[in-house]
Amino acid sequence: EHTSFWRLARNPMIWAMALIYAGPSATSTTLSVWQPQLIKAFGGLSNFETGVLSALPFGVASLLMVWWGRSSDRSGERRWHSAGPLILIA
């Protein structure tokens, strides 16, 4: 069955999912685009030093992502292992 766009637009769950996605999306954009510029402006660092400092959050996130995925696999729980980080990022 097909549902009209306007009926979906009135559904609160659609708005909740959109807000949940908007938080991590905004955070990712901020880290990717603005973080290096802010570090460079306030730190007075070289381009290389700015790049290394900008890469640190992504390196830590990569390690935590593997650990968190293993935790989810061990417990078999998926909902809160997905929702928790999304809420934290938002």
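The values are calculated or read from the model by the stated rules, or taken from the named source; none is laboratory data. Remember, predicted model here, so these are calculated numbers, not experimental data. Cβ: placed from backbone, ideal geometry, glycine included. Neighbour counts: every protein chain shown. Accessible surface is based on the protein model in full, side chains and every heavy atom, while ligands, DNA and RNA are left aside. Shrake-Rupley method; radii C 1.70, N 1.55, O 1.52, S 1.80 Å.
By how many degrees, between 0 and 90 and to the nearest 10, does the Cα long axis of helix 47-75 differ from the longest principal axis of the chain? Long axis of 47-75 versus the principal axis of the chain: about 40 degrees. Taking the protein heavy atoms of the chain in the context of the full set of protein chains, the accessible area attributed to carbon and sulfur is 70 percent at 1.4 Å.
Note that the chain presents 84 Å² accessible area per residue, ligands and nucleic acids not counted, probe 1.4 Å. Scoring 80-87, 56-63 by mean Cβ neighbours within 10 Å over their residues and listing the highest first yields 80-87, 56-63. Rounded to the nearest 20 debye, the dipole magnitude of the chain is 200 debye, with +1 charges on Lys and Arg beta carbons, -1 on Asp and Glu beta carbons, and the Cα centre as origin. Computed over the chain, the convex hull of the alpha-carbon atoms projects to a mean area of 8.7 nm². Per the Debye calculation on segment 51-90 with a single equal scatterer at every Cα and no solvent contribution, log₁₀ I(q)/I(0) for q = 0.24 Å⁻¹ amounts to -0.82.
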